[in-house]
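Beneath this line is the structure, given in structure tokens, with notes to follow.
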Amino acid sequence: MAWFSNNSTASAAGAATVSATPVETTADVPAEMPVLIAPETTSANPTSSSSFSDKINSTIRGPNNDSFLAGIMDSNPYFAAGFGLMGLGAGLALLRQGLMRGSSMLYRQMLVDLEIASKDKSYAWFLEWMSQYPKRSSRHLSMQTSFKQHDNGSITTTFNLVPGPGKHLIRYKGAFMLVNRERSGRLMDLTSGTPFETITLTTLYRDRHLFADLLHEAQQKAMKQQEGKTVIYTSYGPEWRPFGQPRRRRELQSVILDRGVKETLLDDIRDFLKSGKWYYDRGIPYRRGYLLYGPPGSGKSSVIQALAGELEYNICILNLSEQTLTDDRLNHLMNHVPERSILLLEDIDSAFNERKQTEEQGYMSGVTFSGLLNALDGVASADERIIFMTTNHPEKLDPALIRPGRVDFKQCIDNASEYQVREMFLRFYEGKEEECDRFLAEIYKLECTVSTAQLQGLFVYNKMNPEGAIKMVPFLKIQ
Ligand SMILES: Nc1ncnc2c1ncn2[C@@H]1O[C@H](COP(=O)(O)OP(=O)(O)OP(=O)(O)O)[C@@H](O)[C@H]1O
Ligand SMILES: [Mg+2]
């Protein structure tokens with residue numbers, strides 16, 4: 001059936017231009033044929049409008065005054081069914097759209113989301129928190145194995161079942177929260193080789209304040225595990241990662257240096273940490289470099305650990321001899337040290353000895369000497385920066401490396417002095433003053449100095465046996 005007019009005037013004029021005498025030829029149209037007639041928007045004669053609509057009505061109605069459409073539907077069941085289905089489909093589509101709009105509006109109004117990306121620190125805290133949270137329903141779990149080193153050195157392994165990728169429901173302080181852990185299929189963290197992940201927490205809008213409580217709780221829990229411990233960070237690609245489990249803080253009195261050395265170092269750092277404003281006011285980069293030099297086993301690394309423990313700082317160890325280390329990475333790492341951390345460059349001479357301190361790359365690594373100097377100069381940030389360097393051969397160091405600004409405080413940590421020998425002996429053999437004197441006399445007979453590490457070895461070998469230690473002193477010379 002063609003839904004067009006056979007009226008030449010109407011079809012030629014189209015819908016836009018309406019004839020003043022619109023339907024002159026309606027009589028020619030068969031009664032059963034519908035006619036498309038342009039709407040009467042501009043009529044020259046207002047009285048003619050009623051007759052016009054009457055004519056239309058008479059055209060689309062059957063002879064018995066029935067609706068023309070109704071007539072077709074009555075006579076053609078296929079048409080009726082198709083039309084019905086079309087109506088139903090359109091109705092359902094509208095309903096679906098309405099529901100979707102309604103639900104998204106409801107979602108926006110009533111629910112609130114919080115997204116935590118795997119790059120964020122709170123990501124690990126949250127997973128750890130959730131693995132121990134009792135009120136949760138999780139069907140997808142992931143394994144997270146962790147080691148715990150005890151004070152006596154033994155290790156216990158614990159297996160944590162953390163929520164795996166998928167949806168989980170938890171009830172926190174009476175509110176339901178939906179936890180959705182999603183893994184990005186394509187994006188990979190190239191430094192760790194793991195896919196990027198996000199955790200989305202969803203809860204009712206009125207309970208949104210609980211997010212802050214929850215994350216605070218998770219952070220406190222994580223911090224508690226580190227309480228009284230020193231975290232050692234090492235570089236991993238362009239970022240710092242904790243190396244093993246946090247270590248028990250080393251007591252400052254367990255490191256025996258010559259009279260007043262520890263105290264001078266500690267006072268200097270404390271004074272530096274208090275003087276932030278002084279530095280800013282004078283436009284001086286807020287950092288301080290320390291160089292500890294001396295023979296092997298004299299306690300350089302130990303005292304840095306003990307100082308970090310005393311100040312409640314962590315330690316970031318950078319190995320300049322690492323083959324994959326480049327100038328860019330070094331610069332980046334040095335400028336992105338985790339907060340409250342001491343940056344430690346051990347054996348600074350081994351990466352660059354005197355002959356190599358040129359524009360060339362280091363002995364093993366890809367870092368150039370000038371790259372190191374620039375990185376040291378560039379270390380500036382809003383937070384304070386404490387850099388410790390150690391070496392056994394200060395004479396091999398290029399003066400440019402240890403000039404003020406890069407190294408502000410130099411301290412020799414030498415072999416054991418008489419004071420140190422006495423202190424160490426009495427620390428291992430409490431109250432044995434008389435034995436201590438004899439031990440010292442034996443040490444004098446050696447006519448050479450010994451390192452504190454050697455003394456420690458001797459005392460550990462002769463635990464609870466000061467006489468054995470005295471007898472074995474001559475062996476120290478052979479070592
Ligand atoms: N002054 C000291 N007081 C207490 N222990 C010490 C002291 N010196 C060394 N030790 C002990 O000797 C061992 C080695 O010490 P440490 O690693 O601190 O020496 P180092 O000076 O850093 O040596 P290197 O130059 O070879 O790196 C540690 O177990 C440490 O406990
Ligand atoms: Mg050392």
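Every number here is computed from the coordinates shown, using simple stated rules; none is lab data. Quick caveat: nothing in here was measured; it's all calculated off a predicted structure. Please note: Cβ atoms are built from the backbone with ideal geometry, for glycine as well, and neighbour counts cover all protein chains shown.
Taken about its Cα centre, the stretch 182-337 carries a charge dipole of roughly 200 debye when the Cβ of each Lys and Arg holds +1 and the Cβ of each Asp and Glu holds -1. For Asp268 and Thr324, the difference between the fully extended length at 0.36 nm per residue and the C-alpha to C-alpha distance is 16.7 nm. Amide H to amide H, with H built 1.01 Å from N, Ser341 comes under 5 Å of Asn314, counting only residues 5 or more places away or on other chains. For Met389, the residues whose modelled amide H falls within less than 5 Å of its own, excluding neighbours fewer than 5 places apart on the same chain, are Tyr290, Leu291, Leu292, Leu345. Given C-alpha coordinates of the stretch 418-478, what is the ratio Rg to Rh with the Kirkwood estimate of Rh? My calculation puts Rg/Rh at 0.90. Simple spin-label estimate for Phe409 and Glu312 gives 2.0 nm between the two label positions (7 Å along the Cα-to-Cβ direction from each Cα). When only Cα pairs below 8 angstrom with a gap of at least 6 residues are kept, the stretch 247-412 shows a relative contact order of 33 percent. Gain on full extension, evaluated as 0.36 nm per residue between Arg259 and Gln109 minus their Cα-Cα distance, stands at 47.2 nm. For the stretch 332-347, putting each phi into the Karplus relation 6.51 cos²θ - 1.76 cosθ + 1.60 with θ = phi - 60° gives couplings of 4, 4, 5, 8, 10, 6, x, 5, 6, 9, 9, 8, 10, 10, 7, 6 Hz, in residue order, rounded to whole numbers and with x for Gly and Pro. Rounded to the nearest 0.05, the FRET efficiency derived from the C-beta distance between Gln245 and Lys167 at R0 = 25 Å is 0.20.
For the stretch 421-473, applying the loop criterion from DSSP together with a ceiling of 12 other beta carbons within 10 Å to the GluC sites (Glu not before Pro) yields Glu430, Glu447.
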